[in-house]
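Worksheet for the structure shown next.
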Amino acid sequence: MEYQIINPSRFLSPYVKHYWMLENCLPAGEKHVQRIVPNGLTELIFYLGDKPHSDESMRCFNENSIISGQLNTFYDLEVTGKMSLFSIIFQPHGLSAFFDIPVNELLNQNIPLKFLFKEGLDALEDKFFEAHHFVDKIRLAEQFLFGCLKNKTTDYHFNRINNSILLINQSKGLIDIDTLAEATCFSRKQFERTFSMLVGISPKQFLKTVRFQNAIHEKAKNKDRNLSELTYLCGYYDQSHMISEFFRFSGLTPKQYFADCEPYSDYFG
């Protein structure tokens, strides 16, 4: 399996977290099931080989390019054959800068890119198929993203929500919504509505996701940390609270999750 990850250009870094590419070939008849958990990020994926499969009705994987919205629960993805993909991982609120859609409408959904970007999509997908190197795909991605931004002015609300994301990251999700609203000069109701539209999920749910991702990140940094240490470090009330949150997000207890999955946080990694 070949996996690569690279950060975006400085100009796009307020909107894009990173680019990543995966190449993997499974023997005929063999399959791999990957559990996908909430990570606080949205994604634009170009499938350049065999496509994965999910039993979830809201999960579209039969297109060459899809946008994946925020999650508030887990699902399983079945991979077979030759998997080849290139992905743009957006900052939590980054997707909203490129497409005119309330991002919360994509919650727990994958939708074809053609629903939001029609003109020139076939040519764009062809170029991704023809680009053999990661850097060439990144160049195509950045040209596409620059084009989407060209005719748009950064929304004033985008900058205010950006400030709230910075505060959430600094606190590892341990900050209350009233503090975030005050810091961004919104009423609580305005903040919750604007945050949901730009990030794709409610502030309350996003804070829980960030805390969950931080627990994974802290475990990855020190695999000898026990559950009591993680509970305290990540701000859970007690172990039962942490177990409940893990089960909601992954369908597994923390013990099961860390036994079955290599701890890596997409959000903090």
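Quick note: the coordinates plus some simple rules give every number you see, no bench work behind them. Computed from a predicted model, the values in this text were never measured in an experiment. Virtual Cβ from ideal backbone geometry, glycine too; neighbours counted across all protein chains shown.
A few comments on the model shown:
- Geometric descriptor of segment 156-260, per residue, is 100 Å³ (volume of the convex hull of the Cα atoms).
- Span-like helix ranges in the chain, DSSP H, alpha carbon extent 15 angstrom or more, Kyte mean at least 0.0: 134-150
- Chymotrypsin sites (Phe, Trp or Tyr not before Pro) within segment 12-76, DSSP loop, no more than 10 other Cβ atoms inside 10 Å: none
- Using the Cβ of Cys261 as centre and a radius below 14 Å, the other residues enclosed give a net charge of 0, where K and R count +1 and D and E count -1.
- Per-selection Kirkwood Rh - segment 2-150 (Cα, Å, 1 d.p.): 15.8 Å
- GluC sites (Glu not before Pro) restricted to DSSP loop in segment 1-88 with at most 11 other C-beta within 10 Å: Glu30
- DSSP-assigned coil residues among chymotrypsin sites (Phe, Trp or Tyr not before Pro) in segment 227-269, each with at most 14 further Cβ atoms within 10 Å: Tyr237, Tyr264
- Convex hull volume per residue, computed on the Cα atoms of the chain, equals 133 Å³.
- Listed residue pairs exceeding 20 Å between alpha carbons, taken from Lys114/Lys208; Lys17/Lys219; Lys219/Lys255; Lys172/Lys221: Lys114/Lys208; Lys17/Lys219
- Additional length obtainable on full extension of the chain from Asp224 to Asp76, 0.36 nm per residue less Cα span: 50.5 nm
- Cα centroid separation - segment 1-74 against segment 82-99, whole Å: 9 Å
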